């Protein structure tokens, strides 16, 4: 995503959508009550009502809507912004409902009452060029390929092998290692990965490293793992040898934030659930607030977003930090989707 223009007085930013990741970010960045302006199409009736010659045509217009709801379909990468029209051509009635379909390549103005620090953090995440990490976890029977993206962990594919014990240098063994290498190279080229992580129990990764080209090998960080599923991905992300590759990654940052929150729990320094966090925020006692995207979506669906938004605003106004968790969410979701590390025990 690119920020094309800023109007600080009007609290507006003109954004260019460059990828499906950007659509996902916008679905969390645009809140109810925001104003969104962009080019769209609207049905216009030509002729009188009831006239046989009356036609309905779609006319390109530039409209501003007051947002009521945002819908995002991840698998189709479709984003819709629904709201009521507050500005546009004279022949378009104010107050009518309209929905924007936002696509890659579109430009739109987003106006907020105020861009708070956590909004700006989201925008910073969306606009920075994040490196793509390709992960291959394997043993002698199976290989799993993952892509670590800004929006989460994506399973690309799995391979089945049949390398017998103590027979790693046999034709069957070499064929399986070659097959893994072939798939790694294809995914590396397709996704333009900046880092490739090879994880396996014991020494099996050494057989794959032997047949990788030098160009690809430069990107590789070998490590150990005990699981080929997503649990294995999370396991290797905590290993010290991967710190250099992941220290700038959002996943590693979220892991650290969640661990800090859980460490505060037995010390009575953690508020969790909306009611407890609201009380902490009202007292100026919310030092760091963590809220998951699932919690935000649920609040929108249940029409409780204003209450949640007020808590986040109060935290920011009292110099507290607000972090929206998009990847490492399960543990905070189990605590109600929102938690606050407190400044003092109460």
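The values are calculated or read from the model by the stated rules, or taken from the named source; none is laboratory data. What you are looking at is a predicted structure, and each value in this text was computed from that prediction instead of being measured. Don't worry about glycine lacking a Cβ; one is built from the backbone with ideal geometry, like all the others, and counts go over all protein chains shown.
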Unmet requirement for residue 345, which otherwise passes all of (1) at pLDDT below 95; (2) in contact with a helix residue (DSSP H, G or I) (Cβ under 6 Å, 6 or more places away or on another chain): (2)
Single residue of 307, 255, 294 found to be in contact with a helix residue (DSSP H, G or I) (Cβ under 8 Å, 6 or more places away or on another chain), over 30 Å from residue 148 (Cβ atoms) and outside any loop (DSSP other than H, G, I, E, B): 307
Matching entry among 103, 74, 68 (being under 29 Å from the mean Cα position of the chain (by Cα), surrounded by 12 or more Cβ atoms within 10 Å (Cβ to Cβ), modelled with pLDDT of 85 or more and over 29 Å from residue 9 (Cβ atoms)): 103
Test set (1) at pLDDT below 80; (2) assigned by TED's automatic domain parsing to the domain that holds residue 225 - residue 142 fails condition number: (1)
Residue 259 vs. criteria farther than 14 Å from residue 340 by Cβ, surrounded by fewer than 20 Cβ atoms within 10 Å (Cβ to Cβ), free of Cβ contacts under 8 Å to residues at least 12 places away in the same chain and under 25 Å from the mean Cα position of the chain (by Cα): yes
Test result for residue 165, outside the structural domain of residue 318 (by TED's automatic domain parsing), in a loop (DSSP other than H, G, I, E, B), surrounded by fewer than 16 Cβ atoms within 10 Å (Cβ to Cβ) and modelled with pLDDT under 90: yes
Check on residue 31, outside any strand (DSSP E or B) and at pLDDT 85 or above: yes
So residue 202, is it under 13 Å from residue 137 (Cα atoms), loosely packed, with under 14 Cβ neighbours inside 10 Å and at pLDDT below 90: yes
Residue in segment 168-181 that is modelled with the lowest pLDDT, counting only those that are part of a helix (DSSP H, G or I) and surrounded by fewer than 17 Cβ atoms within 10 Å (Cβ to Cβ): 171
